[in-house]
Amino acid sequence: MKYKIIVILIFLSLIIPITVFSITGEEIIRKADAIQAFDTSEAYGEIRVKDRFGVKVSTFKSWTRGKYESLLEFTSLAERGQKILRTEDELYLFYPDAEELIRMQGSMLRQSMLGSDISYEDMTGGKDRVSQYDIVLEGEEKVNGIDCYVLTMTARVRTVPYPKEKVWIDKETFIVWKAEYYTKSGRLLKEMETLRVEEIGGRMIAMESRISDKMKTDTETIMVINNIKINIPLSVDFSLDDLSW
Amino acid sequence: MVKQIFSLLLILVSVPFLAAENNVSVDMELYDTVYRTRNSSFDIFWAYGITGNGVISFKSTGNKNVRADIVTDITFPDSSGIPVILLKKAYVKARFPSFRVTLGKTRLGWGEGFVFNSGDVIFGSTSPYVDLTGTEIRSETAWITSIKYPIGRFSFLEGIIKIPDPINSGFGEIADTSAGVRLYTKAGSIKIEAGYYIDGEDKTYDISSTATIENISIVAFHRPYISLQGNIGPDWYINSSAAIPTGESIYTELIVKDTFSISFGLFHMIEAGYNNSVTFRIETSVLPYLNWNEKNGNPGSYAILIYPEVSLNMGSAINLSIRSIISPLELSAQVTSGFSWNLFEGFNLISFATINGGDGNDTFSWNKSSWDPASDIIDGISVMTGIKYIY
C-alpha cells in the first residue's frame, strides 16, 4: 500500500506540470517573438541615457522588415545622420561626416551604442529565440499586478548576446514585462522592464522600456517609441544604398 | 584674406534664414595649450595660449531624395595668429530610382584604415605627419562629381570626377582633371573593394629618396588599388596601391616601385572587467622599395611605419587612449595620450599630451635640427586640455 502511494505521487509529480501549464515554454516564446515581428514597421523614438550627471537624449527613426532586417537613423544633434543597418548576419554603421561605411564584426559588436546600456550585440539578437535557447517554463508570477509566465532560457548557440535569460511574459498578450540577463555563471548583468504598452493595428506593442545595467550604479537607459506604424509599404530596402543615404 | 572675411560675413548673415529651413549645428573645441616652440631667433621657449576650432554645419531637411550640407571650419589661431576659415564641405546629392549623384565638396572614403590606408588613392593616407588628437585622423575633402550605382543590396559601383583643388591651382586645364571608379562588394564574409583612379593634377614627382634624380614632371598617374576586410577573431584589413605614370618614361619602373604601398591593420576589443573594455588597433604602412636602413636627413622616406593604439573605455563616458606613429628604422616616434569624459549631452572634457622622440633629423624628434618658422609650431611636446561641445 505504502509503495502504491509513492508510485502514485511520483506519477502525479510528473503529470501535474503538464496539466497546470497547458502551454509549453517554446510556445510562449514563439508567441512572444511573433508579436514583436512585423512584416514591416516605421517608428520614431528616443533613447534616454541617465547617469549621475543627468540625462542624455538621442532621438531616432527606424524601419524594420521581418525578423532580422532593421535600419536605424539617429536624428538628435550630436549624432545626426549616423545609421545602423542590421541584416540577418551583418551589422553596418554609417558615419556621415566621414562618408564611411563600417562593417561590424567580431568584438566590435560588443561596443556600447551611443554610450547607452545597449550594445550593438544586443541589436543583433534574433527574434527566433526558440532555435537559439533551451527554454524551461519555471512557473507563474505577477509583475505589476499582471499574471505572467516565468521562463528561463539557456543559450544553445554562441551568437546570442547573453548566455542566460529569465523572462516574465504576459499570459494574455505575450508581452515581455520583465527580463533579466545573466552571465553563464549566473551573474545578473542587465534588467529590462516594460513600462508602457499600446495597442497598434490590433497588436500590443511595448512603447517604453527601461534597461538598467546591474553592474553600474545610477545608470539606466530608457527606450521610448513615440510613434509607430506597422505593416505598411516602406521606401527603404535595407541596403547599403539606404544606409549611406 | 578679404575673401575669407567676406565668406564668413556671408555665412553669419545667412544664419537666421538658413536656420529656418535647415539643421544647424556647431561643433566647438577649445583647448588651453602649452607647448615647446622657438622664436624668430630659434631660441627654444614654452608658449601658452588657447587654441581651437568651430565647425558650423547647415544640413538640408525635408526632401527625402535630395540632401545638402555646407560646412565651414574656423580654426584659431594659425602660426600667424589669424583665424583660418575653410570651406570644409559644400555639396548637394540627389537620389534617383536607380542611381545617386553627388556634386560639390565632400569626403570620399575609399579603402580601409584609420591612419594608414593605401587604398585611399585620392588623398593618399600614407603620410606619417598626422594629428593624432582627432576622432577622425584623415578628413580631407575635395570638389567632386560622383555617381553611385547600386548592384544588389550590398554592392555598388561608384564613379567620380575630381577637379584640382581651386585654392591651389584655380580652374585649371581639363587635362588636369582626375577621375576614378570603384567596386564595393562582398565575397562570403570578406568585403572586397577594388578601384582605379587617374590622378591628373600636375605634379613634380620627387624620387630623391631612392635615386639621385630629384624632380620629374608627371602629367598623370594611373592609381589602381585593392582593399579587403574580414574577421578572424580580430577584424583585419589590407590595402594595396601603386602609382603608374601615364605615357612612356625611363623612370616608370622607379616610380612604380617608389609608390607601391601596402597597408594592413588589426582591430580587437576585449572586456576588462565588467563595463570596461580595451580596444587594440595596429596598422602598418609598408612601401617596400623605400629605405630599409636609416639615412640621416631623410625623414618620412622609410619603408615601414607603424601605428599602434590602445584605448580603455571606462563605462560609456570615459576614454583613455595612447596612440603613436612609430618609424622603427630610425627609432623615432610621436606618442599622443588622450583622455575624454562625456559629462553632459554633447559636452566632453578632453585632454591630450603629445611628445616626439628621436634624433634632430628623424621623422619625429625632440629637438628638430631644422626649424621653419612659417610651418613649424611645436618642438617636441605639447599639452592640451579643453572642452568639446556640440550644440
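The values are calculated or read from the model by the stated rules, or taken from the named source; none is laboratory data. None of these values were measured; they are calculated from a predicted model. Here the Cβ positions follow ideal geometry from the backbone for every residue, glycine too, while neighbour counts run over all protein chains shown.
Worth a mention:
- Scanning the stretch A:177-220 for residues that are in contact (Cβ under 8 Å) with a residue 40 or more places away in the chain, in contact with an Asp or Glu (Cβ under 8 Å, 6 or more places away or on another chain) and more than 26 Å from A:Lys56 (Cα to Cα) turns up just one, A:Met204.
- Filter result (over 13 Å from A:Thr75 (Cβ atoms) and surrounded by fewer than 18 Cβ atoms within 10 Å (Cβ to Cβ)) within the stretch A:51-64: A:Arg52, A:Phe53, A:Gly54, A:Val55
- Test: residue in the stretch B:284-292 that is closer than 30 Å to A:Ser212 by Cα, touching a residue at least 60 places away in the same chain (Cβ under 8 Å) and under 20 Å from the mean Cα position of the chain (by Cα): no
Residues checked against (1) over 21 Å from A:Arg86 (Cβ atoms); (2) within 14 Å of chain B (Cβ to nearest Cβ); (3) of a type in the set (Asp, Glu):
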residue	(1), (2), (3)
A:Thr154	yes, no, no
A:Arg187	yes, yes, no
A:Glu198	yes, no, yes
A:Ile225	no, no, no
A:Lys229	no, no, no
A:Leu240	no, yes, no
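- Condition met for A:Asp51 (charged (D, E, K, R) and closer than 18 Å to A:Ile211 by Cβ): yes
- Whichever residue in the stretch A:50-75 is assigned to a loop (DSSP other than H, G, I, E, B) and in contact with an Asp or Glu (Cβ under 8 Å, 6 or more places away or on another chain) and, among such residues, is farthest from the other protein chains (Cβ to nearest Cβ): A:Lys67
Yes/no matrix, rows are residues, columns are (1) outside any helix (DSSP H, G or I); (2) of a type in the set (A, V, I, L, M, F, W, C); (3) modelled with pLDDT of 90 or more:
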{"site": "B:Thr204", "(1), (2), (3)": "yes, no, no"}
{"site": "B:Ile213", "(1), (2), (3)": "yes, yes, no"}
{"site": "B:Ile216", "(1), (2), (3)": "yes, yes, no"}
{"site": "B:Pro224", "(1), (2), (3)": "yes, no, yes"}
{"site": "B:Gln229", "(1), (2), (3)": "yes, no, yes"}
{"site": "B:Ser240", "(1), (2), (3)": "yes, no, yes"}
{"site": "B:Ser249", "(1), (2), (3)": "yes, no, no"}
{"site": "B:Phe264", "(1), (2), (3)": "yes, yes, yes"}
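- Residues considered: A:Asp128, A:Asp51, A:Asp134. Of these, the only one that is at pLDDT 80 or above, under 24 Å from A:Asp170 (Cα atoms) and out of contact with any Pro (no Cβ under 6 Å at 6 or more places or on another chain) is A:Asp134.
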